[in-house]
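Notes for the one structure printed next.
The values are calculated or read from the model by the stated rules, or taken from the named source; none is laboratory data. Bear in mind the structure is a predicted one, so any value in this text is a computation, not a measurement. Note that each Cβ is placed from the backbone with ideal geometry, even for glycine, and that neighbours are counted across all protein chains shown. Note: accessible area is taken over every heavy atom of the protein model, side chains too, but ligands, DNA and RNA are not part of it. Shrake-Rupley method; radii C 1.70, N 1.55, O 1.52, S 1.80 Å.
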Amino acid sequence: MADKDTKSHQTIDSLLDTEKTFKDRLAYFGRFLWRDRGGVIGLTVFLIVVFAAVFAPLITNQSPFDQNLRSSKLPPAWKEEGTWEHPFGTDSLGKDVFSRVIYGTRVSLMVGLFGVLIASILGLLIGAIAGYAGGRLDAAIMGGVNLILSLPYLLFVVFIATVLGRSLLNVILIFGITDAPIFARVTRGEVLRIRESGYVESAISAGARWPTIIFDHIIPNLLGPLITLATFEMSAMIFYEAGLGFLGLSVPPNEYPTWGNMLAAGRKYMTSYPWMASFPGLAIMFTSLGMNLLGDWLRDVLDPRMRRSRK
Amino acid sequence: MGRYFLSKLIQSLVLLFGVLFLVFMMVRVTGDPAALMLSRNASPEQLEALREEMGFNDPALVQFKHYITGAILGDFGNSLHFKTPALPLVLERLPATVQLASVGMLMAIIIGIPIGLVGGFTPGSVVDSIGRFLALIGQSVPNFWLGLMMILFLGVRLGWFPTFGRDSWNSVVMPAFVLGLPVMGQLVRLTRSAVLEIRGEDFIRTAHSKGLEPRTIYLKHVLRNVAIPLVSVIGVQFGYMLGGSIYIEAIFAWPGMGGLLAQSIGWRDFPLIQAIAVFTSLIVLLLNLLTDLAYSIIDPRIRYGR
């Protein structure tokens, strides 16, 4: 208990210390990085995935599309018949599993990034309007938001994807729009909290102008929860995209290699050639695990209230 | 109490209408529904015949009225694949899905809550670490992939459980575990944080200082309060499990509604897909309503509007 108390004193002191230099801030951040190794792991995983997506052609010289029936169903390199030319083996058409996993990061990240971007912008607008307007408009908007959030989500995503047909743009739009209500709800809650908190009032009475209030007081307080939420939602979208691919509802397989499509195609060969479905599955797990760790860590770092109550 | 329930009921009815409207719009708005339902190489005559049969040539309002009255009477039209009414096909599959979700939820509760309780009372202990790891895994492992891996190792290699179907008593073990794992992780997290929070409350300190036995405090004061958030999460998650077992049922060839949905996507059987979507939503809404009710019974603050 005593240990916890001194820690929170330190935190309060460092928060009150207005003379903090950039270096101090950096050191403070670094201490957090060290104390929460889960966050470091999460961040590393995220950076590895981004690196793989951007520099895919440098990581592997195999094309993810080249078919070669002669070298089909090759096992991974560490098995007896495997070669290092195809480290994770080949699929039923002789396509290189490793390069498909690497290139697969592109679709996953694109869906995650753009999906979250659309969802957060829509949600921010809707939530901010509801939070500021209050009254009947607020009640109507939040009624709609809660309506959508209480539906069986997966079922509706599957339904909409079936109707719209397979394409990358459709997948991004589906996730971007269906996920906006969550962002709206969080934004509204935060806007209400910020509006009622004393510091905005004090800033106004101290003569601060509205740009100062918005940029110095409201946005920084809104940003923390939204970034945390965005991380978790991005992880969820990557997960759901793979799920849609697994049902044959995501990006068409001849356009881009995706983890979900690989899983769907490898499923048939699960018992005799397990690597075809194992590696894309591991890739999804790796990414999702990393993003969840990153989200947990961001929540702690960006929200001082959480930081104090943490064990 | 009655008023609270009534307002919740009205909300649910509005929600159900919203679902019906959404499903109707999605199929009609995206262009030609007849083209959606038939394969790409259908002839113009076939398309026209289907349009006429399904009433797509009528004005939208007439179609909507027809559709709503049909839905209220439980008539979603004939399945394109089976050529029989869609709703009975869905109802036939209901028991299997309910069984799967119930066993999955039971596993999640039996494993998740005790681990969460131990974690909350002894933060940092071995059990706590296991619990937090379990929560992270439950959140991060794609269930469709976990299902495949369990089939491969526990089903094929070790031969412990049947790999598909619902024929023997232990068929349900693997799919139910996969379905329950994320909820298990969530229950661990929630129980743990609820215990931690309630242990720090003033009334616990008071109970300690007036000399109550720790066991009495834990059982009477802490556990009762932990139960409140758990009830609502279990209710809501049960709804999600009923509506979210698509992959798992497809992988394990479990003869439930989710498996039927995965199949009807392949057949482009829209009447059937609609029936499943609406019916599952109805169940989820009912469950949410029951959860609200249970919640208000346990926690009087909710009933009296705080």
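Structural remarks
- Subset of the stretch B:110-138 (residues that are open to solvent by less than 50 Å² (accessible area, probe 1.4 Å), modelled with pLDDT of 90 or more and of a type in the set (Val, Ile, Thr)): B:ILE113, B:ILE115
- B:ASN143 within 13 Å of another protein chain (Cβ to nearest Cβ), in contact with a Phe, Trp or Tyr (Cβ under 7 Å, 6 or more places away or on another chain) and open to solvent by 20 Å² or more (accessible area, probe 1.4 Å): yes
- Single match in B:MET150, B:MET184, B:MET174 (criterion: under 29 Å from B:GLY243 (Cβ atoms) and touching a Phe, Trp or Tyr at 6+ places or on another chain (Cβ under 6 Å)): B:MET174
- Here is the figure for the stretch B:117-168: residues that are charged (D, E, K, R) and closer than 28 Å to A:TRP259 by Cα total 2.
- Within the stretch A:240-259, the residues that satisfy the criterion of being buried (at least 20 other Cβ atoms within 10 Å of the Cβ) and within 11 Å of another protein chain (Cβ to nearest Cβ) are A:TYR240, A:GLU241, A:ALA242, A:GLY243, A:LEU244, A:GLY245, A:PHE246, A:LEU247, A:LEU249, A:TRP259.
- Extreme residue, farthest from the other protein chains (Cβ to nearest Cβ), among residues of the stretch A:143-153 that are open to solvent by 20 Å² or more (accessible area, probe 1.4 Å) and in a helix (DSSP H, G or I): A:LEU149
- Residues in the stretch B:209-218 that are within 21 Å of B:GLY119 (Cα to Cα) and open to solvent by 90 Å² or more (accessible area, probe 1.4 Å): B:GLU213, B:ARG215.
- Hits in the stretch B:257-278 (condition: more than 9 Å from chain A (Cβ to nearest Cβ) and open to solvent by 30 Å² or more (accessible area, probe 1.4 Å)): B:GLN263, B:TRP267
- Within the stretch A:96-113, residues that are closer than 14 Å to A:VAL54 by Cα have Cβ atoms under 6 Å from residues that are open to solvent by 20 Å² or more (accessible area, probe 1.4 Å) and aromatic (Phe, Trp, Tyr) in these pairs: A:VAL101/A:PHE279; A:VAL107/A:TYR256, counting only partners at least 6 apart in sequence or on another chain.
- Test: A:LEU169 is assigned to a helix (DSSP H, G or I), buried (at least 17 other Cβ atoms within 10 Å of the Cβ) and either aliphatic (A, V, I, L, M) or in contact (Cβ under 8 Å) with a residue 60 or more places away in the chain (or both): no
- On inspection, B:GLU48 passes the criterion of being more than 19 Å from A:VAL163 (Cβ to Cβ), over 32 Å from the mean Cα position of the chain (by Cα), surrounded by 13 or more Cβ atoms within 10 Å (Cβ to Cβ) and among the charged types (D, E, K, R).
- Within the set A:MET262, A:MET270, A:MET237, A:MET276, the sole residue that is among the hydrophobic types (A, V, I, L, M, F, W, C), within 13 Å of another protein chain (Cβ to nearest Cβ) and touching a Pro at 6+ places or on another chain (Cβ under 8 Å) turns out to be A:MET262.
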